[in-house]
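Student: There's a structure below that I have some questions on.
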Amino acid sequence: MAKAVALPDQPASEREVEERFNALMRRADAGDPKALASLRTVLDSPDGRTVWETAGDLAVQAEASLVRAVAGKNAIVKESTERRLAEFKRELTGPNPTPLERLLVARIAACWLHLGYVETIYVQNMASLTIQQADFHQRRIDHAHRRYLSAIKALAQIRRLLVPMVQVNVGERQQINTVAARVVQSAAPLADGTPPTTVGRASGHAAARNDG
Amino acid sequence: MGWETRRGREHYCYTRSRRVDGRVARDYLGTGLLADLAAAQDEQERRSRAARVRLWRREQERLDALGAQLDRTYALTETLAAGTLLVAGYHRHARGEWRKRRG
């Protein structure tokens, strides 16, 4: 059995923890079984919690800075931006999100707000910009756009890979694959008298007929 | 553009340069009221340009700082997502797509 690599006991700064975590990740990604075992331990340890908390804090800080940048001193714009952000996150998060899903959704929301902000600045100043300034804004918008799309992709990937799938055989030839975390129990019996079974949301399941 | 000093006289002549067909042409405005007005106008234009540059630099720095803050959040979240996938038994194939590790 692979022996876990012990991390030093002395308290470390957030940066140090983050760096050690990154180093461990690189080794685990390269296929080092010891590093993978360590990573498993670290994710549940106080050091791991520090990394989660740091990520959460950073997301909150980034969001606050963006809201400040968008609203300035206008309290109404600030309030409406915060409400729109909360609504956006609620729509994306769904019921029973994991801490990682919450973090990924917060990242998407921050990227979305940032993209909207840099686009607005560009459009507002378009008429007075020099070619170099317009180029600077265009590059910034492209970067923000790529980051936003990539953040969405990461959430979709995590949901696809980490949320367990459940297979339910309803009839003889029909199977429904559904995401376990999203399932609801149907109350009414089916038309042919079979007992109620597990069904997913319209967007959360895929049905396949095996005619073989 | 500016006051020329010749033969020890500090404000000998005010000149402005401009480009004509790719070559530099210099206008001599001499001394007197017209030259003083031109000098004041040029000075005001220089200050206004410098203020615009300062404002643009501040704007760039502000946007850079905002982007850097988001970059750090982005990178750390990415690390945590990757760590979770690794622990769940996935590996990154050729530094791209995540695949379930065999065995």
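Student: Of the residues B:LEU55, B:LEU63, which single one is open to solvent by less than 20 Å² (accessible area, probe 1.4 Å), of a type outside the set (Asp, Glu) and under 28 Å from A:LEU66 (Cα atoms)? Spell out the reasoning first.
Tutor: On the way: B:LEU55 fails: open to solvent by less than 20 Å² (accessible area, probe 1.4 Å).
The unique qualifying residue is B:LEU63.
Student: Does at least one position in region B:29-39 carry a residue that is surrounded by fewer than 11 Cβ atoms within 10 Å (Cβ to Cβ), on the phi < 0 side of the Ramachandran plot and either more than 7 Å from chain A (Cβ to nearest Cβ) or not in a helix (DSSP H, G or I) (or both)?
Tutor: yes
Student: Let me ask something else about it. I'm trying to understand the selection: among the residues of region B:72-98, which are within 21 Å of A:VAL17 (Cβ to Cβ), facing another protein chain (nearest Cβ under 8 Å) and of a type outside the set (S, T, N, Q)? Steps first, answer last, please.
Tutor: Here is the first cut: in region B:72-98, the residues within 21 Å of A:VAL17 (Cβ to Cβ) are B:72-87.
Those left that are additionally facing another protein chain (nearest Cβ under 8 Å): B:72-74, B:76-87.
Within region B:72-98, B:ARG72, B:TYR74, B:LEU76, B:GLU78, B:LEU80, B:ALA81, B:ALA82, B:GLY83, B:LEU85, B:LEU86, B:VAL87 qualify.
Student: Quick check on my filter: what residues within region A:84-133 are assigned to a helix (DSSP H, G or I), among the polar types (S, T, N, Q) and at the interface with another protein chain (Cβ under 10 Å from one of its Cβ atoms)? So that I can check it myself, show each step before the final result.
Tutor: Going residue by residue through region A:84-133, those that are assigned to a helix (DSSP H, G or I) are A:84-93, A:99-128, A:131-133.
Checking which are among the polar types (S, T, N, Q) leaves us with A:93, A:120, A:124-125, A:128, A:132-133.
Those that are assigned to a helix (DSSP H, G or I), among the polar types (S, T, N, Q) and at the interface with another protein chain (Cβ under 10 Å from one of its Cβ atoms): A:ASN125, A:SER128, A:GLN132, A:GLN133.
Student: If you check A:LEU39 against the conditions, is it within 22 Å of the chain's Cα centre (by Cα), free of Cβ contacts under 8 Å to residues at least 24 places away in the same chain, closer than 18 Å to B:THR77 by Cβ and within 9 Å of chain B (Cβ to nearest Cβ)? Even if it seems obvious, please write down each step before you answer.
Tutor: Working: within 22 Å of the chain's Cα centre (by Cα): yes; free of Cβ contacts under 8 Å to residues at least 24 places away in the same chain: yes; closer than 18 Å to B:THR77 by Cβ: yes; within 9 Å of chain B (Cβ to nearest Cβ): yes.
Yes: the conditions hold for A:LEU39.
Student: While we're looking at this one, here's another question. Which condition number in (1) open to solvent by 30 Å² or more (accessible area, probe 1.4 Å); (2) in a strand (DSSP E or B) is the one that B:THR15 fails?
Tutor: Unmet for B:THR15, out of (1) open to solvent by 30 Å² or more (accessible area, probe 1.4 Å); (2) in a strand (DSSP E or B): (1).
Student: Another question, then. May I ask you to verify whether B:GLU43 is more than 30 Å from A:ILE141 (Cα to Cα), away from every other protein chain (no Cβ under 11 Å), among the acidic types (Asp, Glu) and assigned to a helix (DSSP H, G or I)?
Tutor: Against the criterion (more than 30 Å from A:ILE141 (Cα to Cα), away from every other protein chain (no Cβ under 11 Å), among the acidic types (Asp, Glu) and assigned to a helix (DSSP H, G or I)), B:GLU43 qualifies.
Student: How many residues does region A:1-30 contain that are open to solvent by less than 50 Å² (accessible area, probe 1.4 Å), modelled with pLDDT under 80 and within 22 Å of B:ALA75 (Cα to Cα)? Spell out how you get there, then give the answer.
Tutor: Narrowing region A:1-30 to residues open to solvent by less than 50 Å² (accessible area, probe 1.4 Å): A:2, A:4, A:12, A:17-18, A:21-25, A:28-29.
Subset that is modelled with pLDDT under 80: A:2, A:4, A:12, A:17-18.
Then keep just the ones that are within 22 Å of B:ALA75 (Cα to Cα); that gives A:12, A:17-18.
Adding up the residues that qualify gives 3.
Student: I've got another one for you. Would you check which residues across region B:71-103 are in contact (Cβ under 8 Å) with a residue 12 or more places away in the chain and either within 12 Å of A:GLN157 (Cβ to Cβ) or of a type in the set (Ser, Thr, Tyr) (or both) and list them? It would help to see each step written out before you state the result.
Tutor: Start the filter on region B:71-103 by keeping residues that are in contact (Cβ under 8 Å) with a residue 12 or more places away in the chain, which leaves B:85, B:89, B:98, B:101.
Scanning region B:71-103 gives B:LEU85, B:TRP98.
Student: I need the full set of residues from region A:134-144 which are more than 10 Å from chain B (Cβ to nearest Cβ) and either aromatic (Phe, Trp, Tyr) or open to solvent by less than 30 Å² (accessible area, probe 1.4 Å) (or both), in order please.
Tutor: Residues of region A:134-144 more than 10 Å from chain B (Cβ to nearest Cβ): A:134-135, A:138-139, A:141-142.
A:ALA134, A:ILE141, listed by residue number.
Student: Restricting the search to region A:25-83, which residues are out of contact with any strand residue (DSSP E or B) (no Cβ under 9 Å at 6 or more places or on another chain), part of a loop (DSSP other than H, G, I, E, B) and of a type in the set (Gly, Ala, Ser)?
Tutor: Result: A:ALA30, A:SER45, A:GLY72.
Student: Still on this model: For region A:53-76, which positions are surrounded by 16 or more Cβ atoms within 10 Å (Cβ to Cβ) and not acidic (Asp, Glu)? Show your work before the answer.
Tutor: First, the residues of region A:53-76 that are surrounded by 16 or more Cβ atoms within 10 Å (Cβ to Cβ): A:54-56, A:58-59, A:62-63, A:65-67, A:69-71.
Answer for region A:53-76, where residues must be surrounded by 16 or more Cβ atoms within 10 Å (Cβ to Cβ) and not acidic (Asp, Glu): A:THR54, A:ALA55, A:GLY56, A:LEU58, A:ALA59, A:ALA62, A:SER65, A:LEU66, A:VAL67, A:ALA69, A:VAL70, A:ALA71.
Student: Regarding B:ARG101, is this residue open to solvent by 30 Å² or more (accessible area, probe 1.4 Å) and either under 21 Å from A:LEU66 (Cβ atoms) or away from every other protein chain (no Cβ under 12 Å) (or both)? Step through it out loud before you land on a result.
Tutor: On the way: open to solvent by 30 Å² or more (accessible area, probe 1.4 Å): yes; either under 21 Å from A:LEU66 (Cβ atoms) or away from every other protein chain (no Cβ under 12 Å) (or both): no.
Against the criterion (open to solvent by 30 Å² or more (accessible area, probe 1.4 Å) and either under 21 Å from A:LEU66 (Cβ atoms) or away from every other protein chain (no Cβ under 12 Å) (or both)), B:ARG101 does not qualify.
Student: Also, quick follow-up: Looking at (1) part of a helix (DSSP H, G or I); (2) open to solvent by 60 Å² or more (accessible area, probe 1.4 Å), can you tell me which one B:ALA50 breaks?
Tutor: Checking B:ALA50 against (1) part of a helix (DSSP H, G or I); (2) open to solvent by 60 Å² or more (accessible area, probe 1.4 Å), the one that fails is (2).
The values are calculated or read from the model by the stated rules, or taken from the named source; none is laboratory data. Quantities reported herein were computed from a predicted structural model and do not represent experimental measurements. Glycine also receives a Cβ, built like all others from the backbone with ideal geometry; neighbour counts cover every protein chain displayed. Calculation scope for accessible area: heavy atoms of the full protein, side chains included, ligands and nucleic acids excluded. Shrake-Rupley method; radii C 1.70, N 1.55, O 1.52, S 1.80 Å.
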